[in-house]
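As structure tokens, the structure follows; a few thoughts come after it.
The values are calculated or read from the model by the stated rules, or taken from the named source; none is laboratory data. Remember, predicted model here, so these are calculated numbers, not experimental data. Neighbour counts run over all protein chains shown; Cβ positions are idealised from the backbone, glycine included. What goes into the accessible areas is simple: the full protein's heavy atoms, side chains included, and nothing from ligands, DNA or RNA. Shrake-Rupley method; radii C 1.70, N 1.55, O 1.52, S 1.80 Å.
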Amino acid sequence: MRRLFDFSRFEGRLLGAVLFTVSLTIIGTTGFALMPEYSLSDAFFMTVITVSAVGYGEIQTLTDGGRVFASFMIAGGIVTLAIWFALITATLVELDLTQTLKRRRMMKRINDVDDHVILCGVGRTGLAAIKRFVARGTPYVAIESDAAHLEGARQLDPDALAIVGDATDDESLMAAGIDRARGLIAALSADTDNAFVCLAARELNPDLTIVGRARAEESVSKLRKAGADRVVTPAATSGIQLASLVLRPDVTLFTDFGTSGDAMGLILEQVSVSESSEVAGLTLDEAQIRARTGLLVVAIHRGGDVGGEGPVYNPGPEERVRPGDLLVVLGPPPGFALLQPLVS
């Protein structure tokens, strides 16, 4: 696991300070041991109290030469204490400054991202979501109160955008750019916390798509009332997946309906057609989406000001793509990187 702080740049300074201290101790012990009536233990103790400036006094009477030697040892002790004081102070200041600069760089990167997903909680569920975001190239910002949990996210994504904070706090949500986000996932460990997140997120961004996780079935309705558009229960999701693997194993393995993230095969995804899109106003035959990206348009959800018109399933080549439409497409993951520039 990656270390929380990187002490490698301080190793040279620490080694120098240790060598200086050890050398001074050896010199002092040897010098005092050569004096009359000083045993080796007396010499070592005299060196320690002299270098450390404790000043207990002479263990044995010193000659004039011995006092001159002790004076030099006192000067060396002052230098040693100064070195260690400077080393400790510089280390603390630089570590704090390093963390401050890291936080500032992280916030600058978060401020530059938009149309992203905010992930509240980086537990097992959150890590599974991050794995899917990374596979699909979806921008996201994670909020986690425990910095140690974020190490797992950084192992999956070294460039992960993450904030150490309380997701139920409006300030954390604002720092994550909730006003620019496309969606939010409330995956905290407690259902009550997820309800608070949904409530706060809906108030801060009424247009946000919010998905909440509920451990207990009775919490589903509460999360919906708090503002969640969709609520997922792990037990129900696992049951549906297990049943699908038994009833239609080939279909389930062929498409990306699973949650394991292994060998995704084909993916169902939705993309929004912007006003300036080069395919806006063209028919599917003219847009040539399948030929250019390898993706199949399986449905079109009409947007804009079209009233009373439902989604078009299995659209024909003559179907026209309009600005504001949501295209539901099926295909291999690499095709989505080719499709995004066409519709955005």
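Before moving on, here are some points about what is shown:
- Positive-pole candidate from PHE85, VAL164, ASN111, dipole of the chain, charges at beta carbon: PHE85
- Net charge over other residues, Cβ less than 15 angstrom from the Cβ of ARG290 (K, R count +1; D, E count -1): -4
- Computed magnitude of the charge dipole of the chain (debye, nearest 20; Cβ of K, R +1, Cβ of D, E -1): 360
- With all pairs of separate Cα atoms included, region 163-238 yields a Kirkwood hydrodynamic radius of 12.2 Å.
- Share of carbon and sulfur in the accessible heavy-atom surface of region 100-242 [1.4 Å probe, %]: 53
- Helix-only [θ]222 nm of the chain, DSSP H runs n ≥ 4, -39500 (n - 2.57) each, per residue, nearest 500: -16000 deg cm²/dmol
- Considering only SER244, TYR140, ASN205, and ranking their Cα positions along the charge dipole of the chain that arises from unit charges at the beta-carbon of Lys, Arg, Asp and Glu, the one farthest toward the positive end is SER244.
- Using C-alpha pairs below 8 Å separated by at least 6 residues, the relative contact order for the chain is 10 percent.
- What the Kirkwood sum gives for the chain is a hydrodynamic radius of 25.5 Å, with every pair of different alpha carbons counted.
- Taking the longest Cα principal axis of the chain as reference, the axis of helix 191-204 is set at about 70 degrees.
- A viscosity of 1.002 mPa s and a temperature of 20 °C, combined with the Kirkwood radius over Cα pairs in Stokes-Einstein, give a translational diffusion coefficient for region 33-78 of 204 µm²/s.
- For LYS102, the aspartates and glutamates whose Cα falls under 18 Å of its own Cα, not counting residues fewer than eight places away in the same chain, are ASP6, GLU94, ASP112, GLU144, ASP146, GLU151, ASP157, ASP159.
- Proximal charge balance of ALA181 [Cβ under 11 Å; K/R count +1, D/E count -1]: -2
- Summing charges over all other residues whose Cβ lies under 12 Å from the Cβ of ILE49, with Lys and Arg as +1 and Asp and Glu as -1, gives -2.
- Among GLY316, PRO332, SER276 the positive-end extreme of the charge dipole of region 275-344 (Cβ point charges): PRO332
- Degrees, to the nearest 10: 124-136 long Cα axis against longest axis of the chain: 70
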